[in-house]
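Remarks on the structure that follows.
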Amino acid sequence: MPHSRRDFSVLRIPCTKPGCNRWFKNKSGYTQHTNAVHPLLGATPLHTEPSQFNRSPSPFFNGDDNPLQSDGASEENHSEIPRSAQSPIPAELFGAGDCLYRNYHPSLTSRPNQTPAAQIDHLLDLWAASLIQAGANTSQVLFTDHRNVYRTIDNTPLGDVKWQSFLVKYTGDIPDEGPLPWMTESYDVWFRDPHQVVQNMLANPDYASEVDMRPYREFATEMDEHQWQDFMSGDWAWNQADPATHGSTFVPVILGSDKTTVSVATGQNDYYPLYASIGNVRNNVHHAHRGALAVVGFLAMPKTTKQHAKTAIFRRFHRQLFHSSLSFILRNLKPGMTKPEVVRFGDGHYRRVIYGLGPYIADYEEQRVHTDTLIEECDHGKLWDEYGIIAELVPFTNDYPRADIHELIAPDLLHQIIKGAFKDHLVAWVEKYLVATHGQAQADIILDDIDRRIATAPAFSGLRRFFQGRNFKQWTGDDSKALMKVFIFCLI
């Protein structure tokens with residue numbers, strides 16, 4: 001006997017709400033109607049009595065057939081109403097005037113579900129067994145038990161060091177004719193506490209085995225030749241480990257800054273970032289960018305009109321603002337420079353440390369702001385005219401113990417050697433010599449010939465070709481190093 005098929009075009013499912021006479025062809029229409037017209041507020045029992053569906057008789061609904069069951073289901077599955085169909089989905093009113101409501105999934109709750117410790121141990125045993133079966137040994141198991149898991153979670157820092165800011169304003173003497181425009185403005189300085197940043201670096205487990213706890217000196221076994229590689233192998237770090245450290249781990253804080261332009265197209269957005277690192281971390285970690293270098297501040301860059309930009313009082317304020325900002329940013333490190341404090345390291349051990357200001361990495365222009373050499377031997381005008389040194393500045397190192405600004409200024413390889421000795425001295429000297437010897441017109445012809453020689457240099461491994469000669473607008477360090485290899489030969 002052929003199997004009779006249901007007619008799905010008729011209304012088979014009634015609305016079970018009192019006073020509602022709507023009928024629906026399928027379960028989807030019934031659910032949408034219930035959610036829209038009869039939202040259920042508050043908690044309701046998940047099980048509904050079967051008599052609830054018998055308030056309005058249906059041609060296809062009897063005790064043996066459930067109209068809310070999906071079409072085509074077998075009779076065995078009709079004896080029990082599915083959990084999701086036994087009650088409307090709970091709704092919650094929200095919004096202004098309770099004009100909106102939300103339906104939440106009935107099988108999911110917002111109650112926290114914490115895995116029992118015994119179950120965590122069981123899962124860890126299964127994980128360890130799978131690793132051992134794959135050929136690993138027990139030392140490669142990540143967690144031993146639930147206590148190890150809890151301890152790892154508790155030792156995980158919550159987020160990074162937060163950003164803070166402070167305002168800086170001119171507080172010096174006001175001219176008799178009234179304050180200049182830049183004297184009444186306030187300047188924002190944003191920073192992160194370098195004390196916390198340094199502690200995070202020391203506690204970083206990624207390079208726990210690549211941190212030098214003590215300064216050392218390294219010598220070759222054959223010739224007893226002194227060798228240097230990492231920061232703690234240098235003489236400066238060795239000399240700092242004197243009795244003043246009280247037997248603690250010496251942590252030199254290395255600072256650096258460099259003005260940079262983020263985007264010219266969006267309005268010349270200039271920034272003055274301040275970087276910090278520690279000398280205990282080895283060079284390969286620094287080169288791999290593994291969290292041993294962090295931005296700890298954005299310094300202020302006061303600007304004014306061209307009329308006042310070159311005045312002595314504005315230049316002095318501009319440079320003193322730099323030192324005063326650094327002194328304020330580093331203030332939380334000062335107590336730990338004279339009294340050791342206990343800090344957690346990446347290997348899980350706690351050690352006593354004492355901080356110190358290490359080298360300050362900056363280009364030559366900034367180094368002239370930091371140093372106060374020859375102040376006592378020269379008058380202020382001569383210092384500025386001949387050496388570019390501001391004599392009336394108070395360097396930030398003046399506020400910290402065991403910090404000598406003359407020892408902390410690191411050589412600037414880029415601006416003093418690569419670009420300084422070559423571009424700013426040799427290349428510029430050649431141009432001035434040609435102008436002084438042959439005149440401007442003939443010097444331009446000779447310089448064009450030099451550019452043609454540079455552009456026609458043959459291709460060779462390790463040589464870079466300059467098709468426009470040396471006439472590019474902005475010289476980088478790579479440009480200067482590549483041009484060094486061919487420039488001298490093009491002059492002959």
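The values are calculated or read from the model by the stated rules, or taken from the named source; none is laboratory data. Quick caveat: nothing in here was measured; it's all calculated off a predicted structure. Cβ coordinates were reconstructed from backbone atoms using ideal geometry, including for glycine residues, and neighbour counts include every protein chain displayed. Just the protein is used for accessible areas: all its heavy atoms, side chains included, with ligands, DNA and RNA removed. Shrake-Rupley method; radii C 1.70, N 1.55, O 1.52, S 1.80 Å.
Criterion first (in contact with a strand residue (DSSP E or B) (Cβ under 9 Å, 6 or more places away or on another chain), within 28 Å of ALA410 (Cβ to Cβ), surrounded by fewer than 16 Cβ atoms within 10 Å (Cβ to Cβ) and not acidic (Asp, Glu)) does PHE219 satisfy it? Judged against the criteria, PHE219 is a match. Looking at the structure I just gave you, is GLY462 at pLDDT below 75 and open to solvent by less than 90 Å² (accessible area, probe 1.4 Å)? No, not satisfied.
Any residue in region 191-203 that is outside any strand (DSSP E or B), open to solvent by 50 Å² or more (accessible area, probe 1.4 Å), of a type in the set (Val, Ile, Thr) and at negative phi? No: zero hits. Looking across ASP206, ASP173, ASP154, one residue alone is of a type in the set (Asp, Glu) and touching a Lys or Arg at 6+ places or on another chain (Cβ under 6 Å). It is ASP206.
Of all the residues in region 132-185, those that are among the β-branched types (Val, Ile, Thr), surrounded by 10 or more Cβ atoms within 10 Å (Cβ to Cβ) and assigned to a helix (DSSP H, G or I) number 3. Restricting attention to region 397-446, report how many residues are under 26 Å from GLY477 (Cα atoms) and outside any loop (DSSP other than H, G, I, E, B). Residues in region 397-446 being under 26 Å from GLY477 (Cα atoms) and outside any loop (DSSP other than H, G, I, E, B): 28 in total.
Is it true that LYS259 is touching a residue at least 12 places away in the same chain (Cβ under 8 Å) and open to solvent by 80 Å² or more (accessible area, probe 1.4 Å)? For LYS259, the condition - touching a residue at least 12 places away in the same chain (Cβ under 8 Å) and open to solvent by 80 Å² or more (accessible area, probe 1.4 Å) - is met. Starting from residues that are open to solvent by less than 20 Å² (accessible area, probe 1.4 Å) and among the hydrophobic types (A, V, I, L, M, F, W, C), keep the ones in region 295-321 and report whichever is farthest from THR261 (Cα to Cα). Among them, the one singled out is PHE314.
ASP385 is checked against (1) assigned to a helix (DSSP H, G or I); (2) surrounded by fewer than 17 Cβ atoms within 10 Å (Cβ to Cβ); (3) at pLDDT 80 or above; (4) charged (D, E, K, R) and fails just one. What number does that condition carry? Of (1) assigned to a helix (DSSP H, G or I); (2) surrounded by fewer than 17 Cβ atoms within 10 Å (Cβ to Cβ); (3) at pLDDT 80 or above; (4) charged (D, E, K, R), only one is false for ASP385: (3). Of the residues in region 424-446, at least one is open to solvent by 20 Å² or more (accessible area, probe 1.4 Å), at pLDDT below 80 and on the phi < 0 side of the Ramachandran plot. If I ask for residues that are touching a residue at least 60 places away in the same chain (Cβ under 8 Å) and either more than 20 Å from ASP449 (Cβ to Cβ) or loosely packed, with under 10 Cβ neighbours inside 10 Å (or both), which ones from region 477-492 would you list? Matches in region 477-492: GLY477, SER480, LYS481. Scanning region 326-339 for residues that are open to solvent by less than 60 Å² (accessible area, probe 1.4 Å) and out of contact with any helix residue (DSSP H, G or I) (no Cβ under 8 Å at 6 or more places or on another chain) yields a total of 1.
Conditions tested, residue by residue: (1) of a type in the set (A, V, I, L, M, F, W, C); (2) at pLDDT 90 or above.
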site: ASP193; (1), (2): no, yes
site: VAL198; (1), (2): yes, yes
site: LEU202; (1), (2): yes, yes
site: PRO205; (1), (2): no, no
site: PHE219; (1), (2): yes, no
site: ASP224; (1), (2): no, no
site: HIS246; (1), (2): no, no
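Has region 233-243 got any residue that is at pLDDT 85 or above, part of a loop (DSSP other than H, G, I, E, B) and under 20 Å from LYS334 (Cα atoms)? No - not one qualifying residue is present in region 233-243.
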